[in-house]
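K.L.:
Have a look at this one.
Where a number appears in this text, it was derived from the coordinates with a stated rule and is not lab data. Keep in mind it's a predicted model, so treat the numbers as computed, not measured. All Cβ positions, glycine included, derive from the backbone under ideal geometry; neighbour counts span all protein chains shown.
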Amino acid sequence: MTDQWNKRTKAVHAGTRRSQYGEVSEAIFLTQGFVYDTAEAAEARFQALGDDEFIYARYGNPTVRMFEERIAALEGAEDAFATASGMAAVNGALVAPLKAGDHVVAARALFGSCLYILQDVLERFGVEVTLVDGADLAQWQKAMRPDTALVFFESLSNPTLELVDIAAVSRIAHAVGALVVVDNVFATPVYGQPLAQGADVVVYSATKHIDGQGRCLGGVVCGTSDFIRGTLEPYLKHTGGALSPFNAWVMLKGLETLELRVNAQTDAAEAMAQALDGHPKLRQVIYPTLKNHPQKELARAQMQRGGTVLALDVEGGQAGAFRFLNTLKIFSISNNLGDAKSLVTHPATTTHQRLSEADRRHLAITPGLVRVSLGLEDAQDLIADVLQALRAV
Ligand SMILES: *Cc1c(COP(=O)(O)O)cnc(C)c1O
């Protein structure tokens with residue numbers, strides 16, 4: 001039955017497990033463990049776990065399971081495993097399937113911690129990593145080798161909002177038998193369908209839009225039952241990246257309103273991009289579906305809409321960007337995104353500070369670049385705030 005529901009119905013009902021009390025809102029099973037009626041029952045449960053049975057919260061918990069089943073239903077995935085943070089999800093999805101001697105191809109424009117796992121952890125254990133420009137299919141093609149075991153990219157990159165063509169890169173990767181892992185945080189579960197478009201595994205930082213109110217860390221990996229239970233679960237359940245039942249409950253309630261929030265935030269981002277396009281104090285307005293974006297057709301085909309974040313290249317370099325940030329009244333300076341509160345970040349001096357200047361230039365992270373995450377405030381108030389701050393530049 002769940003399979004036939006549309007996304008909005010799944011977001012509210014999929015995965016619900018009611019206790020004997022018939023509660024309306026999902027219960028928080030804030031328990032580390034579970035008791036068994038008899039020693040024989042404990043033995044049986046350790047031998048084979050039934051669908052409604054749990055052993056220890058590092059392995060699974062009813063509230064966490066509800067979140068996993070709800071997000072899996074939304075993604076059209078066979079199963080999902082929830083983790084303590086987005087990075088625990090990325091770490092699991094990358095480390096669990098790889099071994100020494102494997103080759104990985106990844107897009108260069110990655111979240112800093114993802115780059116750390118690839119270059120500082122996996123390479124140390126004998127995995128070779130090749131980085132490519134994600135938007136350039138010829139580079140993906142050229143980088144593939146017979147021993148390429150895995151391909152990893154952000155479907156929409158941070159902070160310069162470049163897309164990777166999920167269907168095309170998946171075809172290129174599958175030709176050599178590589179597993180395609182997509183970090184879909186910026187596209188959100190509302191606009192991206194990476195599994196339907198050819199990817200094998202999707203990862204989310206639930207900290208971003210899924211919570212959407214800046215409260216909890218969380219993450220999740222979605223894929224086939226074989227991958228989730230056969231490859232990922234053994235690694236994650238023994239290495240301790242489990243999501244707390246309380247945080248799972250926050251994320252579960254977050255999913256109920258995800259589409260409403262993301263659509264409203266995207267309305268604001270679109271209105272902001274239109275209002276600012278061509279502004280004399282801005283060298284560039286970057287938004288996936290804006291008419292000057294080189295991949296706007298791909299953005300419409302792959303995501304339908306442009307998402308909740310835009311990037312502005314402010315005149316006057318770092319000084320101009322700082323003046324702009326410091327003059328904003330509604331927007332807060334913070335490095336989260338997808339939050340109900342509108343947030344701004346200066347990537348060159350914060351999230352991407354550790355990169356060399358050459359790498360920043362390569363990724364088009366200019367000194368004037370500001371990442372803008374639209375919240376749930378009134379869009380006209382937000383636009384007025386940005387316009388008054390630009391006057392100060
Ligand atoms: C935030 C983020 C992560 C990491 O998620 P955490 O929940 O902070 O661990 C990974 N990838 C992308 C694209 C992100 O924005």
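K.L.:
How far is it, in nm, from the label point at residue 378 to the one at residue 291 when both lie 7 Å from their Cα along the line to the Cβ?
P.N.:
The answer from the label model is 2.9 nm.
K.L.:
Mind checking the full-extension length gain between residue 24 and residue 119? Use 0.36 nm per residue of separation minus the Cα-Cα distance, one decimal, nm.
P.N.:
On the way: separation 95, 0.36 × 95 = 34.20 nm, distance 4.64 nm.
Gain on stretching residue 24 to residue 119: 29.6 nm.
K.L.:
In the chain, what % of DSSP beta bridges are antiparallel (nearest 5)?
P.N.:
55
K.L.:
Right, next: So, counting K/R as plus one and D/E as minus one, what does the shell of residues with Cβ under 15 Å around residue 36 add up to? Intermediate results must be reported in sequence, preceding the final value.
P.N.:
Values: positive: 45; negative: 37, 40, 43, 52, 53.
Within the 15 Å Cβ shell, the charges total -4.
K.L.:
To continue, here is another question. Please report how far the C-alpha centroid of segment 27-46 lies from that of segment 50-114, rounded to the nearest whole angstrom.
P.N.:
23
K.L.:
Follow-up question, since we're still on this one. Counting only residues 5 or more places away or on other chains, whose amide H sits under 5 Å from the amide H of residue 179 once H atoms are built in the peptide plane?
P.N.:
150, 151
K.L.:
Continuing with the same structure: Determine, for each peptide in 121-128, 21-28, 315-322, the mean count of other beta carbons within 10 angstrom over its residues, then list the peptides with the highest first. Display every interim value, and only then the final one.
P.N.:
Working: 121-128: 14.4, 21-28: 11.5, 315-322: 17.5.
Result, highest mean first: 315-322, 121-128, 21-28.
K.L.:
Next question. Could you give the length gained by full extension between residue 235 and residue 58, i.e. 0.36 nm per residue of separation minus their alpha carbon distance, to one decimal place? Walk me through the intermediate numbers first.
P.N.:
Numbers: separation 177, 0.36 × 177 = 63.72 nm, distance 1.14 nm.
Separation in residues times 0.36 nm, less the Cα-Cα distance, equals 62.6 nm.
K.L.:
I would also like to ask the following. Just to be sure I understand the model, the point goes 7 Å from the Cα along the line to the Cβ. What's the resulting residue 51 to residue 334 distance in nm?
P.N.:
The two pseudo-label positions are separated by 4.0 nm.
K.L.:
Any chance you could list P(r) for the chain, counting all Cα-Cα pairs in 20 angstrom bins from zero, rounded to whole %?
P.N.:
Result, from short to long distances: 28, 56, 15, 1 percent.
K.L.:
Quick check: Cα centre of segment 227-247 to Cα centre of segment 130-185, how many Å?
P.N.:
25
K.L.:
Counting only pairs 8 or more residues apart or on different chains, how many lysine pairs in the chain have their Cα atoms under 17 Å apart? Mind showing how you got there, number by number?
P.N.:
Details: 7/253; 10/253; 208/253; 208/341; 329/341.
The result is 5.
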